[in-house]
């Protein structure tokens, strides 16, 4: 099995559409006082059902249509539907008031964290067999038959099969040369500008001062949580907390992050790459483990801290990965 062309971008768009849907839905319902459809009666159509209908619509589009527009539509519509679906997961694992079941926020966060890891796993695969390279080129050619190819798409598809000796590869080269060319879309034309902005931000993140501030923030955040929760636990303040299990999870992840962060700071001078990897590991423990419990305890107020942690992770990763030209994704 080989991933479709542009699969990582479409999966990421699916996940981001779902995340935006959950946040917008929660914000709207909170501002509206969690109203019931149908006025003051007993009728209530759960938005999980609307989510199911949108996911069905996305599936029907995927099964019935070809081309780039169909895939983008599937990613957005399916992501919105999944966001509406997963937003009510609390109702399916507990009794009323299920929508306000506190661990639901942690479950939603974990689901989307795993979804966002999936594109990274797919993108990491570069050892394609000749058959898989041919399949990807054919996938791009199929897109071109439906909607034409940009110059970048044609070049990418040709590069996949150029030099191939099979009859299929030769036929694909002829097909790719014959396909109509289309102008890049508005978003595709914006991509070079976005790449320049990303490059400028990456250079700023690669500054020594940015790294110093990031290291201080990583250690401060982990130590504050570890010390605060340890003192609260020893003082008996956690005994009556309804979410003490989640708080204990935060404590364990904070201690692990503090240990990894301190080890990274110690190694930073003698072995810079190892020190940076340890600091990154400290952040990943918090992002992939600690945040699950933080969302459970603090609900969606933890979004702010998560965004801050992701910025710190980006700064540290910028120092681990040298700045250089990146391949332009082809969708």
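The values are calculated or read from the model by the stated rules, or taken from the named source; none is laboratory data. Quick caveat: nothing in here was measured; it's all calculated off a predicted structure. Every residue, glycine among them, receives a Cβ derived from its backbone with ideal geometry; neighbour counts consider all protein chains shown.
Annotations for the structure displayed:
- In this entry, residue 204 is excluded by the filter for residues that are surrounded by 11 or more Cβ atoms within 10 Å (Cβ to Cβ), more than 21 Å from residue 66 (Cα to Cα), in contact with a helix residue (DSSP H, G or I) (Cβ under 8 Å, 6 or more places away or on another chain) and in contact (Cβ under 8 Å) with a residue 60 or more places away in the chain.
- Filtering segment 96-115 to residues that are surrounded by fewer than 15 Cβ atoms within 10 Å (Cβ to Cβ) and either at pLDDT 80 or above or more than 22 Å from residue 297 (Cα to Cα) (or both) leaves only 114.
- Residues (in contact with a helix residue (DSSP H, G or I) (Cβ under 6 Å, 6 or more places away or on another chain) and over 16 Å from residue 315 (Cα atoms)) located in segment 248-275: 249, 250, 251, 253, 254, 255, 256, 257, 258, 260, 263, 267
- Test: residue in segment 243-250 that is assigned to a helix (DSSP H, G or I), closer than 26 Å to residue 211 by Cα and either at pLDDT 90 or above or not assigned by TED's automatic domain parsing to the domain that holds residue 217 (or both): yes
- From the options 278, 219, 223, residue that is crowded, with 20+ Cβ neighbours inside 10 Å, touching a helix residue (DSSP H, G or I) at 6+ places or on another chain (Cβ under 6 Å), on the phi < 0 side of the Ramachandran plot and assigned to a helix (DSSP H, G or I): 278
- For the residues 143, 158, the requirement of being buried (at least 18 other Cβ atoms within 10 Å of the Cβ) and more than 30 Å from residue 311 (Cβ to Cβ) singles out 143.
- Residue match in segment 128-138 (condition: within 16 Å of residue 8 (Cβ to Cβ) and surrounded by fewer than 18 Cβ atoms within 10 Å (Cβ to Cβ)): yes
- Residue 269 being farther than 18 Å from residue 110 by Cβ, surrounded by 16 or more Cβ atoms within 10 Å (Cβ to Cβ) and out of contact with any strand residue (DSSP E or B) (no Cβ under 9 Å at 6 or more places or on another chain): no
- Filter result (at pLDDT 85 or above and within 21 Å of the chain's Cα centre (by Cα)) within segment 175-198: 197
- Residue in segment 229-250 that is crowded, with 19+ Cβ neighbours inside 10 Å and more than 26 Å from the chain's Cα centre (by Cα) present: yes
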